[in-house]
Amino acid sequence: MRILNVGVLVSGNGTNLQSIIDKSETGELPAHVVVVISNKSDAYALQRAKNHSIPSYVVRPRDFVDQVSYEQKMIDILNTHKVELVVLAGFMKILSSHFVQAFRGRIINIHPSLIPSFCGKDFYGIKVHQAVIDYGVKVTGATVHFVDENVDAGPIIIQRTVEVKDSDTAETIALKVHQIEHEILSEAITLFAQGRLKIVGRRVLVEE
């Protein structure tokens, strides 16, 4: 199986990034993280990249005259490193059609809920899990999906559930969901590398 060149966009701690790096280095994942880009200079994910000698860049929206210029800088970096798949792993910026069109069908995102529940512009981080508690649902989970022009609205690749117990808090749910995020993100990258994902309308079919 060929090894996929992956570029990862991050904003924070980078635990999903670390999981991808670890699995790629052991051969469990048919991918190689060739570049990491963050919109925040203090994101610990940048240190994780440095620890593994992976090129990393800080590209901040405020340093550019507009959204297109900002995104074009990231596009140029990703293309320079011959990125085949862009992974948003805790990336907290909304991308415009300019970026999406440059990598259409080659951008995936991990979201800590079962889309279309608890997703969209205002649902991120611990807010998602608190909303799960407040609503009283009995299951939640995580979703890996292709990215399109709308927030958390692209075709779904993989979803996995976790039980919401009466004793759970937003923090305990976050821990459970985070664990399955690592699992399904790797699975989605593997399926993409194998060429087994086919988008048909809103559905993502997994070919044998």
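Summary of computed values
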item	result
Residues located in the range 152-173, provided they are part of a helix (DSSP H, G or I) and either within 15 Å of the chain's Cα centre (by Cα) or surrounded by 18 or more Cβ atoms within 10 Å (Cβ to Cβ) (or both)	173
The range 110-136 residues that are at positive phi, paired with ones that are assigned to a helix (DSSP H, G or I) (beta carbon under 8 Å, 6 or more apart)	118/128; 118/131; 118/132; 118/135
Hits in the range 39-57 - residues which are within 19 Å of residue 21 (Cα to Cα) and either of a type in the set (Asp, Glu) or under 19 Å from the mean Cα position of the chain (by Cα) (or both)	43, 44, 45, 46, 47, 48, 49, 54, 55, 56, 57
Criterion violated by residue 149 - all others in (1) without any contact (Cβ under 8 Å) to a residue 12 or more places away in the chain; (2) of a type outside the set (Lys, Arg); (3) part of a loop (DSSP other than H, G, I, E, B) satisfied	(1)
Flag for residue 136 being modelled with pLDDT under 95, farther than 27 Å from residue 205 by Cα and either in contact with a helix residue (DSSP H, G or I) (Cβ under 6 Å, 6 or more places away or on another chain) or surrounded by fewer than 22 Cβ atoms within 10 Å (Cβ to Cβ) (or both)	no
Any chance residue 23 is more than 18 Å from the chain's Cα centre (by Cα) and either charged (D, E, K, R) or surrounded by fewer than 14 Cβ atoms within 10 Å (Cβ to Cβ) (or both)	no
All positions within the range 29-46 that are over 17 Å from residue 90 (Cβ atoms), part of a loop (DSSP other than H, G, I, E, B) and either touching a strand residue (DSSP E or B) at 6+ places or on another chain (Cβ under 7 Å) or modelled with pLDDT under 95 (or both)	30
Conditions (1) in contact with a helix residue (DSSP H, G or I) (Cβ under 6 Å, 6 or more places away or on another chain); (2) modelled with pLDDT under 95; (3) not in a loop (DSSP other than H, G, I, E, B); number of the one not met by residue 179	(1)
Residues of the range 127-146 satisfying the condition of being among the aromatic types (Phe, Trp, Tyr) and in a helix (DSSP H, G or I)	135
Candidate set: the range 60-81, residues that are of a type in the set (D, E, K, R) and within 14 Å of residue 37 (Cα to Cα); chosen: the one surrounded by the most Cβ atoms within 10 Å (Cβ to Cβ)	71
Conditions (1) crowded, with 16+ Cβ neighbours inside 10 Å; (2) in a loop (DSSP other than H, G, I, E, B): number failed by residue 121	(1)
Any pair with Cβ under 6 angstrom, 6 or more apart, that starts in the range 31-49 at a residue that is over 18 Å from residue 6 (Cα atoms) and ends at one that is not in a strand (DSSP E or B)	40/11; 43/11; 43/12; 44/13; 44/14
Some residue of the range 99-113 being in contact with a strand residue (DSSP E or B) (Cβ under 9 Å, 6 or more places away or on another chain), assigned to a helix (DSSP H, G or I) and of a type in the set (Lys, Arg)	no
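Matching residues to (1) crowded, with 19+ Cβ neighbours inside 10 Å; (2) under 24 Å from residue 181 (Cα atoms); (3) at pLDDT below 95:
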site	(1), (2), (3)
5	no, yes, no
48	yes, yes, no
58	no, no, no
87	yes, yes, no
90	yes, yes, yes
97	no, no, no
101	no, no, no
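The values are calculated or read from the model by the stated rules, or taken from the named source; none is laboratory data. Just so you know, these numbers come straight off a predicted model, no measurement behind them. So basically every Cβ, Gly included, is an ideal-geometry build from the backbone, and we count neighbours across all protein chains shown.
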